[in-house]
1. Suppose we keep only residues that are small (Gly, Ala, Ser) and at pLDDT below 95 within segment 54-96. Which one would you say is nearest to residue 134 (Cα to Cα)?
2. Could you pull out the residue among 113, 147, 106, 136 that is more than 30 Å from residue 204 (Cα to Cα) and small (Gly, Ala, Ser)?
3. Kindly indicate whether any position in segment 177-193 is farther than 20 Å from residue 47 by Cα, open to solvent by less than 70 Å² (accessible area, probe 1.4 Å), touching a residue at least 60 places away in the same chain (Cβ under 8 Å) and aromatic (Phe, Trp, Tyr).
4. When you scan segment 19-26, do you find a residue that is touching a strand residue (DSSP E or B) at 6+ places or on another chain (Cβ under 7 Å) and crowded, with 24+ Cβ neighbours inside 10 Å, even just one?
5. With the requirement that a residue be open to solvent by 10 Å² or more (accessible area, probe 1.4 Å) and either touching a residue at least 60 places away in the same chain (Cβ under 8 Å) or under 16 Å from residue 22 (Cβ atoms) (or both), what does segment 122-133 give you?
6. Being open to solvent by 60 Å² or more (accessible area, probe 1.4 Å) and either out of contact with any Pro (no Cβ under 9 Å at 6 or more places or on another chain) or more than 25 Å from residue 260 (Cα to Cα) (or both): is that true of residue 86 here?
7. May I ask you to list the residues in segment 123-172 that are assigned to a loop (DSSP other than H, G, I, E, B) and within 16 Å of the chain's Cα centre (by Cα)?
8. So residue 31 ticks every box in (1) modelled with pLDDT of 90 or more; (2) surrounded by 16 or more Cβ atoms within 10 Å (Cβ to Cβ); (3) among the small types (Gly, Ala, Ser) but one. Which box is left unticked?
Amino acid sequence: MTTSRMPALFLGHGSPMNVLEENRYTQAWRALGEQLPRPKAIVAVSAHWYTRGTAVTAMEQPKTIHDFGGFPQALFDTQYPAPGSPELAAELQALLAPIEVVADSGEWGLDHGTWGVLIKMYPQADIPVVQLSIDGTQPAEYHYAMGRKLAALRDRGIMIVASGNVVHNLRMVKWQGNATPYPWAESFNQYVRDNLNYQGDNHPLVNFMQHEGAALSNPTPEHYLPLLYVLGGWDGKEPISIPVDGIEMGALSMLSVQVG
């Protein structure tokens, strides 16, 4: 029996408060979980596991990591007890060779960039999840190439869910009052949208720092790079769509991208 190719998703996760709230972003994530084919397992790439080298969660029961502060107790009380998959972790190690991928059997788990979106998509927490870290020592092209390798899993019923924000400048966010997006945030967000289906060498979204608004939109790259794990696996023919978009607090893009 053949398995239809799973889509790959980049979800702009925004504030951890989305876990407790209902809004157009969380509604879009829920709709994806209800409408897309059910995956056998999920490989998650989150902005919040940014490491030296590459690691993968390889435990049977990954813990729910509350990697944030200053939020209501209800958020810290929330658990997402999805099973892990040591077998899938081992497959990832083989698939990504010769890159060394360390099997993490207990240190990490599922951080809020992962469980914060999956709790809306798959609230029953009954799909195995393996999280892959982002090697912060490597350039953008490296992460794009990782996406190309991961794409093979999609043909076996495994969904890629990457999570970050293509505009993420917490120092510039407008916590109160008028939250009109900064012009540089709107410009960079539109630049990403305009180049999602680019084909050819020197991909503009791999070379994203060439954009005039990139440095303000991404003072550090970890929230942007997960997008490349999804775009790297595009075959050039699949549809690319935008489930939801928006800029919150002036400097936080909630753009989500679906490949396939």
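1. Top of the filtered list is 69.
2. Within the list 113, 147, 106, 136, the selection yields 106.
3. Yes, some residue in segment 177-193 is farther than 20 Å from residue 47 by Cα, open to solvent by less than 70 Å² (accessible area, probe 1.4 Å), touching a residue at least 60 places away in the same chain (Cβ under 8 Å) and aromatic (Phe, Trp, Tyr).
4. no
5. 122, 123, 128
6. So residue 86 does not fit the description; no.
7. Selection gives 136, 165, 166, 167.
8. With (1) modelled with pLDDT of 90 or more; (2) surrounded by 16 or more Cβ atoms within 10 Å (Cβ to Cβ); (3) among the small types (Gly, Ala, Ser) applied to residue 31, the lone miss is (2).
The values are calculated or read from the model by the stated rules, or taken from the named source; none is laboratory data. Computed from a prediction, not measured in an experiment: that's the story for all the values here. Don't worry about glycine lacking a Cβ; one is built from the backbone with ideal geometry, like all the others, and counts go over all protein chains shown. Heavy atoms of the whole protein, side chains included, go into the accessibility calculation; ligands, DNA and RNA do not. Shrake-Rupley method; radii C 1.70, N 1.55, O 1.52, S 1.80 Å.
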